[in-house]
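The values are calculated or read from the model by the stated rules, or taken from the named source; none is laboratory data. Bear in mind that the values here come from a model prediction, so they are computed numbers and not experimental data. Counting neighbours? That spans all protein chains shown, and the Cβs are built from the backbone with ideal geometry, glycine included.
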Amino acid sequence: MEFKHVLVVGGTGMLKMASRYLSDHTSCLALITRDSDTARRRLDLPHAHYISADWAVPATFLADVKPVFELYPVDLMLLWMHRSGRAARLGLIEMARGSNCHIVEVHGSAAGDTSQRIAQRRFEINQAGCQYTAVLLGAIMDGGKLTRWLTHDEISAAVIEAIKTKRDVIAGAV
């Protein structure tokens, strides 16, 4: 296995394929979702522990996720959280502080100045003694015109590439 312990937040929908990849490449996957029973039925991933927690309620979310960090060191985190999840995201980073954990974070390109946001996140995570990789989601363009949004598989493929290479990835055009 490439990873010992992986924690994923936001991996049951568009990132389902990336979660499957991680399940195949880790000894233990903690999949944090608002509804663990539904996620378990939809994904049925080997090596996965499904934990119900909603990052929209940061204190409860962090209390529910804390045992994952107490049981074992997390060596990879995959995060796809909206801006409203800032407090929960910062709490996760604090739990990983000093661990050299690799944190891969997915960003939509439609939400403001992504380069500034990614630089700030990279700084926060590096200050915590962890590694940071960003995945920036764009769209498929033809002649400068939007033809379609990325598919779930294209998004997951970009995330898997970022995990494998530990380099920032831009999926589609931004």
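Is the stretch 119-126 home to any residue that is aliphatic (A, V, I, L, M) and closer than 24 Å to H25 by Cβ? Yes, the stretch 119-126 has at least one match.
For the stretch 130-146, the criterion of being free of Cβ contacts under 8 Å to residues at least 24 places away in the same chain and crowded, with 17+ Cβ neighbours inside 10 Å is met by none of the residues.
Being under 19 Å from F61 (Cβ atoms), surrounded by fewer than 20 Cβ atoms within 10 Å (Cβ to Cβ) and either modelled with pLDDT under 95 or out of contact with any Phe, Trp or Tyr (no Cβ under 7 Å at 6 or more places or on another chain) (or both) holds for only one residue in A87, A111, A119, A173, and it is A87. You will find that of I118, I160, the residue that is in contact with a strand residue (DSSP E or B) (Cβ under 8 Å, 6 or more places away or on another chain), in a helix (DSSP H, G or I) and among the β-branched types (V, I, T) is I118 and no other. Note on the stretch 46-67: residues that are surrounded by fewer than 19 Cβ atoms within 10 Å (Cβ to Cβ) and either basic (K, R) or under 18 Å from C130 (Cβ atoms) (or both) total 1.
Only a single item in (1) under 12 Å from the mean Cα position of the chain (by Cα); (2) β-branched (V, I, T); (3) in a strand (DSSP E or B) is not met by T147, and it is number (1). In this structure, L15 does satisfy being more than 25 Å from G98 (Cα to Cα) and crowded, with 18+ Cβ neighbours inside 10 Å.
Pairs meeting the criteria (first residue in the stretch 85-104 and under 16 Å from Q120 (Cβ atoms), second residue assigned to a strand (DSSP E or B) and modelled with pLDDT of 95 or more, beta carbons under 6 Å, at least 6 apart or on different chains) are I103/M77; I103/Y132. For L78, the conditions (1) within 20 Å of F3 (Cβ to Cβ); (2) more than 15 Å from the chain's Cα centre (by Cα); (3) modelled with pLDDT of 95 or more; (4) crowded, with 17+ Cβ neighbours inside 10 Å are fulfilled apart from (2).
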